[in-house]
């Protein structure tokens, strides 16, 4: 089967035009619009058009409708002159605090069903997500990545962890933050408040390290009982990482199996460890628990990995970054960059909500689609004609599937 | 928490030059540079020079001049001198010495007074806490936005990740608050030395400035004197993070964008040319000379914003996962390199 690149491109352009014409009124302009820089890419354009700025929401919406961007971004930073070409001339005034959670950085069980790779060096190929070619060790792998509801629920769990940090540890209020589904493989969390605006990179890095659990040291959570014995000194009621560590330790000590325990505890000490566990079961008091320094370091590492949030720290530290515009469409997926409130986060079907191109049936010829994509499952090695909802067709085209639209475009977009 | 008003003595104004009260007092005297030529003026200028001198010698001046007005006025005058000298390193050293001096004085103050000083001068949000968290007893909580910028180091017990933070409030002891003041004073002094010097000054004053400048140049020359080849190859002076990145780059590993940026900016800053750096990246699996050249030239400040970039400092290297070492007394990879060239040895250990 031969793709028709130009026809597929036309399909995407028509879909995006259709969306912006109908929905631009519902796209909220970012706060402090006149201080934000925008960047866009276009379907037939090369590179990104940067340094765009708007005086008001009307001008902003008109731009989207007339220009129909493939990708749309705005600056998390506020500038006095956002359309100036150099940073110095722009005059930085402050920036929102942004967190980026992306399934690319998280190991998910579903990748084997929809991601694949090809090594251009030795020609090997396979499924799943890998960092280097298992045959020749080449690290420059060509990857094909897709997203499904399993990936997104893993990413969503990370967002929920992050929100807990932001509300309870840092004391931000719910109305100072909002979450967006990026339209592709993850979520962005925005904090917009007076307290964060002027934060420098050091402060943002410390917040980033905090939510990731970077830099935990044993002496903060234990007391040295003798030269080699460290007594746990946290309890589950304590704030911050102290409480997190205590809660995890309780769970870990009482529920972990032997294999898990021997990752940390010297096997020769296992009997002693069992006694400790019994004492803990009786009293529920973590202060009966002691470790060696090496053990406690190892446990802190495990806890940071489990309880820390997997964010892309570069995004949080950067104070001059462009970020996807909520309400716009993602150019590779046709899904909307969808704004979710913290309350909605747990129960909202993010894929349904962002599939704004709709369910109108489109007849397509399809070859070898990923087995699991968005909320849809395809039979393995499928090849043939199918009727699919429009939003899914746009995603398959945008992300480079072998697909050909059979219906006349004029009948799809009327 | 509202801090209780504390009556400040003139001695307090002399000890704590950053206080609002001190600044108001200085303003009320209305001293101008032209006034510095008379007898009292000379005394002030001499003391201002002495303040800077002790910073050059890394001494902390703990005595106060008998005439407290001279003591008080010598501080703003020393700042004007530093603005004339315009040497970032000297300014930093002076800021450090003034910071340490304040910590020394604060050590003997009542808690009430320390709180009054920090809350009024720096507008820090502090409230009483007095609770035990595990083995630690805290006296106060400070809002994290007021805490983080002033910690002496971003690791160990100072790092907020190791503090029982709740609703943005970080529990601290009064001793920790006093230590935060040291950094705050440093930043205050540095910020007051940023503006260009006045267009003119009396001759006597300028002479004094030149005298200090000469002494500083001599001290600097002495510092740099042993900058002879203590290392055979420049790579031997690289910090472990950069050595690791260099080895990986040469081995054709696929480095992350941040890793490439760190290595390229480091190499540029120690004097490697754009071409030399491109050769290093040639082994990269996705190497394309045009793209590599564009990016290295960008970092070198030859393109785009014309900003020459420096590598990330150690804390950021650590957060980006590019550093797994602890280098003694080093906060920036370039500092490691310079120390190595000067001393031939920097202690470091690999963290588990």
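Since every read-out is calculated from the coordinates, none of them should be taken as a lab result. Keep in mind the model is a prediction, meaning the values are calculated, not measured. Cβ: placed from backbone, ideal geometry, glycine included. Neighbour counts: every protein chain shown.
Annotations for the structure displayed:
- Peptide A:231-242 has a mean of 4 when you count, residue by residue, the C-beta atoms of other protein chains within 10 Å of its C-beta.
- In this calculation the C-beta distance from residue A:365 to residue B:243 is compared with R0 = 56 Å, giving a FRET efficiency of 0.55.
- Principal-axis tilt of helix B:174-192 within chain B, Cα atoms, nearest 10 degrees: 80
- Cα gyration tensor, region B:1-104 - rounded (a/c under 1.5), prolate or oblate: oblate
- Peptide B:162-175 has a mean of 5 when you count, residue by residue, the C-beta atoms of other protein chains within 10 Å of its C-beta.
- For region B:9-140, averaging the sequence separation of C-alpha pairs within contact (under 8 Å, six or more residues apart) and dividing by the residue count gives a relative contact order of 25 percent.
- For peptides A:155-161, A:95-101, sequence by mean Cβ density within 10 Å, most packed first: A:95-101, A:155-161
- Global geometry of region A:218-307, whether rounded, prolate or oblate, following the gyration tensor of its Cα atoms and the 1.5 cut on a/c: rounded
- Each part reduced to its alpha carbon centroid, region B:300-337 and region B:114-145 end up 32 Å apart.
- Per residue of B:306-317, other chain Cβ atoms within 10 Å of the residue Cβ number 2 on average.
- Estimated inter-spin distance, residue A:288 and residue B:24, nm [label 7 Å along Cα→Cβ]: 6.1
- Gain upon complete extension [residue A:229, residue A:306; 0.36 nm per residue less C-alpha separation]: 25.2 nm
- Cα gyration tensor shape for chain B, rounded if a/c is under 1.5, else prolate or oblate: oblate
- Normalised contact order of chain B, rounded percent, pairs of Cα under 8 Å and 6 or more residues apart: 15
- Chain A, relative contact order in percent, only Cα pairs under 8 angstrom and at least six apart counted: 20
- 0 to 90° range, to nearest 10: angle between helix A:270-283 axis and chain A longest Cα axis: 90
- Sorting A:270-279, B:241-250 by average packing, meaning the other beta carbons within 10 Å per residue, from highest down gives B:241-250, A:270-279.
- Full-stretch length increase - residue A:411, residue A:84 - with 0.36 nm per residue and alpha-carbon distance subtracted: 113.4 nm
- With the simple model of a label 7 Å out from the Cα in the direction of the Cβ, residue A:197 to residue B:173 spans 3.8 nm.
- Listed peptides B:10-20, A:206-216 by packing density, highest first (mean Cβ within 10 Å): A:206-216, B:10-20
- 222 nm mean residue ellipticity, helices alone, for chain B (DSSP H n ≥ 4; -39,500 (n - 2.57); rounded to 500): -17000 deg cm²/dmol
- Whole-Å semi-axes of the ellipsoid equivalent to the protein assembly as shown (Cα gyration tensor, √5λ, descending): 51, 34, 28
- C-alpha long axis of helix A:201-212 to longest principal axis of chain A, angle in °: 70
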